[in-house]
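The values are calculated or read from the model by the stated rules, or taken from the named source; none is laboratory data. Everything numeric in this text was worked out from a predicted model, so none of it was measured. Here the Cβ positions follow ideal geometry from the backbone for every residue, glycine too, while neighbour counts run over all protein chains shown. Accessible surface is based on the protein model in full, side chains and every heavy atom, while ligands, DNA and RNA are left aside. Shrake-Rupley method; radii C 1.70, N 1.55, O 1.52, S 1.80 Å.
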Amino acid sequence: MTKLIIDGKEVEVPDHYTLLQACEEAGAEIPRFCFHERLSIAGNCRMCLVEVKGGPPKPQASCALGVRDCRPGPNGEPPEVLTKSPMVKKAREGVMEFLLINHPLDCPICDQGGECDLQDQAMAYGVDKNRFAENKRAVEDKYIGPLVRTKMTRCIHCTRCVRFTTEVAGISELGLLGRGEDAEITTYLETAMTSELQGNVIDLCPVGALTSRPYQDTARPWELRKTESIDVMDAVGSNIRVDARGREVMRILPRLHEEVNEEWISDKSRFIWDGLRSQRLDRPYVRKNRKLVPASWDEAFSAIARKVKATKPEKIGAIGGALSSVEDLYALKKLVNSLGSENLDCRAPASSLDPVKGRESYLFNSTIAGIEDSDALLIIGSNPRLEAAVLNSRILKRFKMGNYPVGLIGEAADLRYDYEHIGNGPESIADLISGKARFVAKLKRAKRPLIIVGEGALNRRDGAAILGRIADLAEKTGTISKDWNGVSILHTNASTVGGLDLGFVPGKGGKSTSAMLKDMELLFLHGADEIDMNSVNGFVVYIGTHGDAGAHRADVILPASAYTEKPATYVNTEGRVQIANRAAFAPGDAKEDWAIFRALSARLGAKLPFDNLAALRTALYSEFPHFAAIDEMAATTDIDVKALSKQLGGGKSGKLGPAPFKNPIRDFYMTNPIARASRVMAECSSLRAGGGMREAAE
């Protein structure tokens, strides 16, 4: 710890702090443009100048000066720093004057207006006149893709975007070319950016040089109603803010959550909002004469009631979709159980995950933040860059700290960091256990090894055996200990962990997803659009938001609310319970999903015991208390690795198949009905498929 006197106030801060961080610890406000807590120090905007007594007789850039480098007083007094002296005031005014020399001052037409750091700091630290009358320079706008719009004349060369793409996104797509008046920030190859995190440069840009292209010229920040919510585009559970005007969602921004997404979100999470408007189901439909025709809620419920009456309970089933909330699955489970059926599933058709084996068998046990505590990584059957882009950036962050061996079993891919490709299929796991694969020595040497298991390794006929062999490997390498569980399951759907926690899986005598597709005479599909609809037999009731695959196959369609249109609970891949709030209202006659099941239950003569969301949550929390612990993860018990291995089918009891692992996500931008309805996501997907978004290696 180091002591300093800042504006007459003595503070004690850690040795690794910069002077800027120390000043903020003391309550002093320090303006900055280039400095960002999660990026390397550039020290090129000079806005954070302070006066250091005993140092050079000139202002110092506080972001680039460490507290340990400050000189103490002549008698050993703590270093003294002034943030409001006349020298500092004059220096900041001069810096601001230079920054505005070439800035176009087009605030009335700039999308950054109202949220612009340059505006705010010019008002607080600038002067009301400019001594420069020369012509301003102009810079040609660059096309860097369909997501980020450029107005590079406004750029002040803080290089935040350059450092972000290199350090957080993991690919050097932006750079500063030229010198002096000719300096420009651009993509090196003048092509669209390829990173799945590129939209974060919009938030990082302190001026209007990089703004959102889809949001361009649509709204001002003071017109928008801001709602804190949770993202459901993957299983990370990124914290987001949904900005809406009237009934329409206008944009989605990240919220700070250090343990989940820090302050980043993926491009799919950020730009999905236009898909919330397109191809929406806004009224019930019933199939008549092989055609879906609009119907009233009463007609739709009557058609379902007639089919339920004519169907045996064991021939009724329900499948949960990728975006289903805990409340929706709970209500659907109660409805199907009340009809006498145990045919429930929220997993992929071949998934081997089962809550009976313990919560630890399907969670990301190390936690997302725990990735930074690990010291070796093995990825099995997963591509984290496409399945959880924000989580992958956390792996890259740990990789950049150094001394972090990474191994991969599965499809080779550009993960944005170096790794050793061990093999393509289950035989490579056996090689690690036997010691044939050299990477096992690195896992053994590690104090906290991490094994990330993707759905590409589990959604197979031999998934249980693979999970058992992974438990064997964990025992051999010390991946599970008293204070560390490194066996972590990476899910792709926001609903899977919540569904498994609820027990939304086949009960006694119940059938799994693959069996239900063929055997059910009446099947409820709750937003389940990723299954093979050609395999579905019988009468289909689709409850969902968009006219996607499930709606095309349905005999009855019940329109539901999207994740931005209802209060709901989601559980992320690490088991963290989080609450999403309503930011807008559903279109037309669409209703909240749980309310649909409650109304349908009354028509079917099996009325559910709750009339509102509060009553539903009371029943939910009574049956599953851990759902009441918002933003917390239920404590896990000590694990007997040998027992877990035996229970999961490890050792010689489970037979491994020869087929290589296949990653579940082939197109990052087209993974759910909302994404497939989005024009922006379609453009990104088309560019990636057509080579418009070229990889660095090309």
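Restricting the first member to segment 6-26 and to residues that are touching a residue at least 60 places away in the same chain (Cβ under 8 Å) and more than 18 Å from K53 (Cβ to Cβ), and the second to residues that are open to solvent by 10 Å² or more (accessible area, probe 1.4 Å) and assigned to a strand (DSSP E or B), no beta-carbon pair is closer than 8 Å while six or more apart or on different chains. Going by the structure shown, is G527 open to solvent by less than 30 Å² (accessible area, probe 1.4 Å), on the phi > 0 side of the Ramachandran plot and in contact (Cβ under 8 Å) with a residue 60 or more places away in the chain? Taking the combined requirement at face value, the residue satisfies it.
Tell me yes or no: at least one residue of segment 609-623 is free of Cβ contacts under 8 Å to residues at least 12 places away in the same chain, over 29 Å from the mean Cα position of the chain (by Cα), under 26 Å from R247 (Cβ atoms) and surrounded by fewer than 24 Cβ atoms within 10 Å (Cβ to Cβ). Looking through segment 609-623, at least one residue is free of Cβ contacts under 8 Å to residues at least 12 places away in the same chain, over 29 Å from the mean Cα position of the chain (by Cα), under 26 Å from R247 (Cβ atoms) and surrounded by fewer than 24 Cβ atoms within 10 Å (Cβ to Cβ). Among the residues of segment 234-257, those identified as out of contact with any Leu (no Cβ under 9 Å at 6 or more places or on another chain) and either more than 15 Å from E574 (Cα to Cα) or open to solvent by less than 10 Å² (accessible area, probe 1.4 Å) (or both) are G237, S238, G246, R247, I252, L253, P254, R255, L256. When the residues of segment 139-165 are filtered to those that are farther than 17 Å from T191 by Cα and either among the β-branched types (V, I, T) or in contact with a Pro (Cβ under 8 Å, 6 or more places away or on another chain) (or both), the one that is surrounded by the most Cβ atoms within 10 Å (Cβ to Cβ) is C158. One residue stands out among those in segment 358-383 that are among the aliphatic types (A, V, I, L, M) and in a strand (DSSP E or B): the one that is nearest to the chain's Cα centre (by Cα), which is I379. Within segment 1-114, which strands (runs of 3 or more DSSP E) (wholly inside it) include 3 or more residues that are more than 30 Å from T150 (Cβ to Cβ) and open to solvent by less than 70 Å² (accessible area, probe 1.4 Å)? In segment 1-114, 2-6, 49-52, 80-82 are the strands (runs of 3 or more DSSP E) which contain 3 or more residues that are more than 30 Å from T150 (Cβ to Cβ) and open to solvent by less than 70 Å² (accessible area, probe 1.4 Å). Among the residues of segment 487-499, is there at least one that is under 25 Å from the mean Cα position of the chain (by Cα), of a type outside the set (G, A, S), farther than 30 Å from D431 by Cβ and modelled with pLDDT of 95 or more? Yes.
One residue stands out among those in segment 202-231 that are under 12 Å from P254 (Cα atoms) and in contact with a helix residue (DSSP H, G or I) (Cβ under 6 Å, 6 or more places away or on another chain): the one that is surrounded by the most Cβ atoms within 10 Å (Cβ to Cβ), which is D231.
Counting only helices (runs of 4 or more DSSP H) that sit wholly inside segment 574-692, those with at least 3 residues that are modelled with pLDDT of 95 or more are 593-603, 613-623, 673-676, 679-690.
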